[in-house]
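As structure tokens, the structure follows; a few thoughts come after it.
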Amino acid sequence: MGAFFAALLDWRYGRSAAVVAVVVGSLLFAINHGFALVQGQMTQGRWISAMLTYVVPYVVNVHGQYTSRRRSLHEYSQDPKSDETV
């Protein structure tokens, strides 16, 4: 689990995850908080929720990349004659 947390700060994962977080987070922010922002109704709780709107896509993207990379490394280290799946 510690390796995953380190991956959250690893720029090999973070570069593309940041792009995804900005694009997906902005879309979700507009959907979930756009009206409140325009109406001037952004409370502290809404701003915390808005922050998570960007954090969650970042973490999910890093998790996908991390899991994929680990599976690839595991598959390449397996005996080619083995029928075991990951």
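What does the charge add up to near Ser16, with Lys and Arg as +1, Asp and Glu as -1, over the other residues with Cβ less than 13 Å from its Cβ?
Working: positive: Arg12, Arg15, Arg69; negative: Asp10.
Charge balance near Ser16 sits at +2.
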So how tilted is helix 11-38 from the main axis of the chain? Cα-based, degrees 0 to 90, rounded to 10. 30
What is the list of residues in the stretch 46-70 whose amide nitrogen lies under 18 Å from a point 7 angstrom out from the Cα of Val22, following Cα to Cβ? 51-62
Give me the angle, in degrees from 0 to 90, between the Cα long axis of helix 44-77 and the longest principal axis of the Cα atoms of the chain, rounded to the nearest 10. 10
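Read-outs throughout are calculated quantities, based only on the coordinates presented, and are distinct from any laboratory measurement. This is a predicted model, so every value here is computed, not measured. A quick note on method: Cβ atoms are made from the backbone with ideal geometry, for glycine too, and the neighbour counts reach across all protein chains shown.
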